[in-house]
Amino acid sequence: MSNAILSSNANSSLINTLLGSEAVKNPNVYSTEEITPPYAATWQRCDPTTSNAISGRTQSFEVMKYGYLQQVLLCWEKSLTMGATGPAIVNTETVAVSANDAIRSIDSIEMLSAGRTVSIMTSDDLFAQFSDLSEADSIPVRATALGERKIKNFPVSTSQPFKFCLPVVFPQMEDVNTQLNCQFLEGITFKVKWAKFTNTLIPDTTASIVPDSMYMRLRYKAYPEEQVSEVLSSNFDQPELAQLTSKWYSESPQSFETGAGATESSQTVTVELKNTDCVQDLFVMVYKADETTAYEPVAIDSVSFEASGQVLVAMSNEELRYTRLGEHGWSCSQNVSASGHGANVAKIQNGLYTWYKLSNTLSLRELNAPKIVVSLKDLALSTKYIVRVSEKCSAIFSTTSATGRYNVALSN
C-alpha cells in the first residue's frame, strides 16, 4: 500500500536536501552506544575521628583509600526535648523543626587532601546549590534535609529525635569525569564545622544535635584491575593531570537593620565583591539575622551587578525568574517554596544552565570595584537582616602523577 505521507515527502525540496546531509542517521540501524565498564558500587559508613561533637565543634571524616568517590551523605540526629511546663500536644501535628534547619546546623564543610584544604563550602554555598536544583532533583533533599519536621502527640518531659541526611556535593562530584580517585590520591578528609544555632519552635523546648549521631555514608565505585591499570596509564602518563571543575566562594556578609518608621521597610544594600576568581554564577540571598528564626530567605525586589562604572546586570524580581536560561532557550524550573523559600535566592547566571560542561565564566580580577546592589521592600520593621553572596567559580585542579598530590592549580 502506498503511503500518502511518504509520497508527499518525496516531492519536498527541504526534505530531499536534508536527506543529502551527512548528519542523517536512521535510529533503527542498530549500533551499540557507549558502554561504561562494569564496576562495583558500594556504600560505606564513615564515622568521624572525633566523637561527642556539640554545636560549634569541628569533626573530621577520613575517606577510605578505595575506588572513586561518587556521593557523600552527611547524616545526624537532632533531639527535641520538652520541659515540664511545655504545652500538651495531643492529636495534632505541630511544626517542631522549621524548614532549612539543617542549613543552620552547619557552618562549613571542607575537603582536604593530605591535610591541605582544596575546597570549602559554607552553609550559604550549600543553600545556594540546593536552590539551583530542578523540582525533580530537589525532592529527596527536601524530604531528608530541608523540609520542616512535624510532631504529633508529644507529651511533656520527653525527647523526640529527628534524622537528617544532607547530600554534600562538591563540584568534583557533579561530573563523572572529575570524581575523586581516592585509591590514587593522597588521603582525602572532610571537615565539618557544626554551627551553634538551635531552633526551637515550641515553647519550653530545647533542640540540640544528638552526640555521636553524626556519620557520613559514602558511595564508591571500584573497577576491576585491568580497568584500573588503563585509567592510571591514560590519566597519569604525564607528570601532572589537570582537571577543569569548580569551587565555591562566599563573600563577606553585609548586615543592616530596618528602622521603626513606615518607610523603613524598604532598603537598598551594596555588597562589594572581593573575590578575584572566574565566576560562573552568583547567588544572592537575604535573611533575618535573628537566630531564633528559620533560615528562610526573604523575597528580593531587584538585583544589579555593577563594575567599572557600568551597570552590567539589572533584574527585577519577575525577571530573576528567567535568569536560569537553559540550552533549549527556556528558563529551567526551580525548586518551590516547600524547600524553605529557595526560590527567593537570586541567581546571576553568566552562561547557560548546563551540567558537565563550562558554558561561560567571568573574570572578576580585571573588573574595577565590582559590587552587588540588592533592593528589598516589605521587610519587618526594627529587624536585622544579612545579605549573603555565594559564587560558583571555575578552577583547574591538578594531580601529581608521582605522588597523588591533589590541589588547586589555577583559579584565575
Taking 0.36 nm per residue of separation and subtracting the Cα-Cα distance, what length does fully extending residue 152 through residue 34 add? 37.4 nm
Step by step: find N for the chain, compute 2.2 N^0.38 Å, then divide the Cα radius of gyration by it. What's the final number? 1.16
Convert each backbone phi in the range 221-236 into a coupling constant with the Karplus relation 6.51 cos²θ - 1.76 cosθ + 1.60 (shift: θ = phi - 60°), then list the ³J(HN,Hα) values in order as whole Hz, x for Gly and Pro. 10, 10, 8, x, 4, 5, 6, 4, 5, 5, 4, 5, 5, 7, 7, 10
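Using only alpha carbon pairs under 8 Å that are at least six residues apart, calculate the relative contact order of the chain and give it in whole percent.
Relative contact order of the chain: 23 percent.
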Taking 7 Å along the Cα-to-C-beta vector as the label spot, tell me the residue 402-residue 57 distance in nanometres, rounded to one decimal. 4.1
Dipole magnitude (debye, nearest 20) for the chain, charges at Cβ of Lys, Arg, Asp, Glu: 700
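Given the peptides 383-393, 352-362, arrange them by the average over their residues of other C-beta atoms within 10 Å, most packed first.
Values: 383-393: 20.9, 352-362: 14.0.
In decreasing order of mean packing, 383-393, 352-362 become 383-393, 352-362.
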Applying a 10 Å radius around every beta-carbon, put 9-15, 370-376 in order of their mean neighbour count, most first. 370-376, 9-15
What are the ³J(HN,Hα) couplings of the range 346-353, residue after residue, when phi is run through the Karplus curve with 6.51, -1.76, 1.60 and θ = phi - 60°? Round to Hz, x for glycine and proline. 7, 10, 9, 9, 7, x, 9, 6
Checking rank on 300-311, 123-134, with mean other Cβ inside 10 Å and highest first, the result is 123-134, 300-311
Using label points projected 7 Å from each Cα along Cα→Cβ, tell me how many nm separate residue 357 and residue 21, to one decimal. 1.7
Using helices alone, what [θ] at 222 nm do you get for the chain, with -39,500 (n - 2.57) per DSSP H run of 4 or more residues, divided over all residues and rounded to the nearest 500? -3000 deg cm²/dmol
Cα-Cα longer than 27 Å, checked against 193/384; 78/247; 152/191; 152/377; 221/274; 191/384, kept in input order, equals 78/247; 152/191; 152/377; 221/274; 191/384
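Where a number appears in this text, it was derived from the coordinates with a stated rule and is not lab data. The model shown is predicted, which means the values in this text are computed figures rather than measured ones. Here the Cβ is made from the backbone with ideal geometry for all residues, glycine too, and neighbour counts use every protein chain on show.
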